[in-house]
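Coordinate-derived values only; no laboratory data. Computed from a prediction, not measured in an experiment: that's the story for all the values here. Every residue, glycine among them, receives a Cβ derived from its backbone with ideal geometry; neighbour counts consider all protein chains shown.
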Amino acid sequence: MAKKRQQGRKGSTGERFVISEIKGKQRSSWILTGYTADGERIRSRHKTQALAEGAKNHLLVQELGSNQRSVMTTLSEKQFDDSEAAWHLLKDKLGEKADLLEAVNFYLRTYRHVSGLPLKDALARYVDNKEGRGRAARTIYEIKNRLGTFVGFMQNRAIDEVLQDDVRDFLSQFKGQNRNNYQTKILSFFKWSDRQNLCNGNPVDGIEREELSRDPEFFTPTEVKDLLRAARETEDGELLPYLAIALFAGLRPDSELKKLTWRGVNFEDSEIKVPKGKTGVARTVKASDNLMAFLQQCDRRKPIIPKGNFQRKFAKVKRAAGFRGGVRDSKKLRAIEDEPGRKSWIPDGTRHSFITYHVREHADIYKTATTAGNSPGVIKAHYEGAATTSEANEFWGITPDTLDGSAVVNIKSA
């Protein structure tokens, strides 16, 4: 039997409720402000714009209770409230030309049901797949962190319901490289999901990445010496081989270097066999004379990657060299991290430094690309000409002796 419901008269109370974005250091939040018809002040904070819109529409539905007329409907209470909220969402986007029926028809034409699997469940399968393929712990953490944020924003809807505009709305919260990193993770997730027949197509395709200044950040020769001294003098020097190889051989810190053992270091021929990493291809690189000098001083009875909490140990080295270590889980550490004058750590700075100084030393983008396991185009676009010849000479002249105050000697890189 049809039920009587009340429907508001023409006119909108939406103008009394305003949503404002509040930009924080890491992400934005949204503030809903306004006054109800009774004069009650509304002010509430929400993690996403979508949640703020939902709260606003809930208020709009409540407001209709004071200006109503009787109509007959077969809709349930929830169906009727959802219809009114959906219309207001459309009106906020399209203005007076909003048409709920047209929107529903468009959805039915464009939505192709494939699996109906909730995003959270699809993400769990994706993570299991990456872990089963032996991806680095840092990579798994990034996937869980960034895609978990995306799933929360999407309110765990079905994976085959996510549209390109949904992804655009999510990415609009972020800027610069952070935005591009989110986009990369979401793109890979949907590419895998499409291959698994969980969805039809990739909603990230066609979304342009944010243009960034690509000048590479790298460590100065002075900073490199500070880091190597700190590694030698911290934790009995157990991080010295890791840092020396990262700086002077340019291995990718997570996907390559953390798989390296002493068996991969050929002292007789001054070569390092690089394990399969990001590119999935193993390679052998010629080690520079100064790198071999550092490795000769290391205790090879200990692993290249020390046992225990690596991040915490490496943070100690970074702090000893004047950088922020990135570990802030105690009041004491937060006080140290926030000391004036501490420098921010450069992500992948060891690899950027190696490539920058190598291409300057050799003036050969092809040789550098082969050594670093990268493409010549990337080397030319982002690294060539970033450092001076004097800086490169100083970098390749850093030896165990120069750390103790001896004059820098010009040692050619590999």
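In loop segments of region 219-304 as defined by DSSP, the GluC sites (Glu not before Pro) with at most 11 further C-beta atoms inside 10 Å of their C-beta are Glu268.
Of the cross-linked pairs Lys56/Lys91; Lys225/Lys313; Lys307/Lys331; Lys93/Lys191; Lys130/Lys367; Lys130/Lys175, which ones have a Cα-Cα span greater than 21 Å in the structure shown? Over 21 Å apart, Cα to Cα: Lys307/Lys331; Lys93/Lys191; Lys130/Lys367; Lys130/Lys175.
Placing unit charges on the Cβ atoms only, positive for Lys and Arg and negative for Asp and Glu, gives region 164-299 a dipole magnitude near 440 debye about its Cα centre. Each residue of region 223-238 was assigned a 3J(HN,Hα) from its phi angle through the Karplus expression (A = 6.51, B = -1.76, C = 1.60, θ = phi - 60°), giving 5, 4, 5, 4, 5, 5, 4, 4, 5, 5, 9, 10, 6, 6, x, 6 Hz with x at Gly and Pro. Residues Phe106, Phe314, Phe395, Phe174 in ascending order of nearby Cβ atoms (within 10 Å, fewest first): Phe106, Phe174, Phe314, Phe395. Could you give the Stokes-Einstein D for region 130-228 in µm² per second, using the C-alpha Kirkwood radius, 25 °C, 0.890 mPa s? The estimated diffusion coefficient comes to 159 µm²/s. Cα centroid separation, region 340-408 to region 82-108: 56 Å.
Residue order for Leu198, Leu227, fewest other beta carbons within 10 angstrom first, comes to Leu198, Leu227.
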